[in-house]
Amino acid sequence: MLELTQVPSLPPLAELAGEVGALAEAQRQSRKRAAQWLAAARDEAARRGQAPPPMTWIMTAIAAIGLGDATTARAALAQAELRAEVEGYRIDRLAAVAALMAGDLAHALALAHRARERAASREQVRTTLLLSLVYDRSGAADAAQRELTLLRPLASSAERMAVDALLPLHERLYLAAIEQVAFKNPANASLLFKGYLACPEPEEAERRLVERRLAELRPM
């Protein structure tokens, strides 16, 4: 669990694009370690004829999300739900991110909405941060901006770090960039978008979208 909270700090934004490879690799290695430990725990439990340790499957899903492996994440979440490892809204929240990564936008939206409806009040900040990411990815950028603007006075550094620790680096940078757009910081948003484009994961359509947003952020 502690390993899954580890997240590399970002360098000064002017240096970000040149550092994304090292940052992403550091996070990948961390999530691989966690996934290996969890697999070993499941194997040992099976050898003893016992149930896996508490929250094994939910943590397996979190590690898989950090590795960008939506298929493993969704399978692990199904096991976590079957065993009622955590509250339903937590599973919905993670399942929304996994669906987003898999390109299943309609399902991601439904799950993210349900997570916010069901989440405890103390969990609303990180739930809304992830809903904003899903909104933006689904083409509802204005809705995402409204949510992020309303959320700004409420979001603590701990809540933000929890979301950063969950997401793969490129998605972390994208969410940070649209936050900076909402906060009227176009220079920071531009540098974060450029960091996102320096990552290998975004597909061509996603790159074109970000390039358009960069053009919109340039001074007239």
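Summary table below
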quantity	calculated
Residue (of Gly139, Tyr196, Ala162) at the positive-pole extreme of segment 106-220, dipole from beta-carbon charges	Ala162
Rounded to 10°, Cα long-axis angle of helix 16-48 versus longest principal axis of the chain	10 degrees
Exposure rule at most 15 other beta-carbon atoms within 10 Å, DSSP loop trypsin sites (Lys or Arg not before Pro): the chain longest free segment	84-183
For the chain, size of Cβ-based charge dipole, Lys and Arg +1, Asp and Glu -1, in debye	260 debye
Over the chain, relative contact order from alpha-carbon pairs under 8 Å, at least 6 apart, %	19 percent
Normalised alpha carbon radius of gyration of segment 123-163 [divisor 2.2 N^0.38 Å]	1.08
Ellipsoid equivalent to the chain - semi-axes via the Cα gyration tensor, in Å	30, 20, 15
Value of [θ]222 nm, deg cm²/dmol, for the chain, DSSP H segments ≥ 4, -39500 (n - 2.57) each, nearest 500	-23500 deg cm²/dmol
Local electrostatic count, Gly139, Cβ distance below 15 Å [Lys/Arg +1, Asp/Glu -1]	0
Leu191 accessible area, 1.4 Å probe, all protein chains in place, Å² to nearest 10	60 Å²
Neighbourhood charge, 14 Å Cβ-Cβ cut-off, centred on Ser121 and excluding it, Lys, Arg +1 and Asp, Glu -1	0
13 Å beta-carbon shell around Met59, net charge (K/R +1, D/E -1)	+3
For the chain, with +1 on Lys and Arg beta carbons and -1 on Asp and Glu, the positive-most of Ala64, Ala119, Ala75 along the dipole	Ala119
Heavy-atom surface of the chain, accessible at 1.4 Å and reported per residue (Å²)	50 Å²
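The values are calculated or read from the model by the stated rules, or taken from the named source; none is laboratory data. Everything numeric here is computed off the predicted structure, so don't read it as measured data. Quick reminder, even Gly has a Cβ in these numbers, built from the backbone with ideal geometry, and neighbours come from all protein chains shown. Heavy atoms of the whole protein, side chains included, go into the accessibility calculation; ligands, DNA and RNA do not. Shrake-Rupley method; radii C 1.70, N 1.55, O 1.52, S 1.80 Å.
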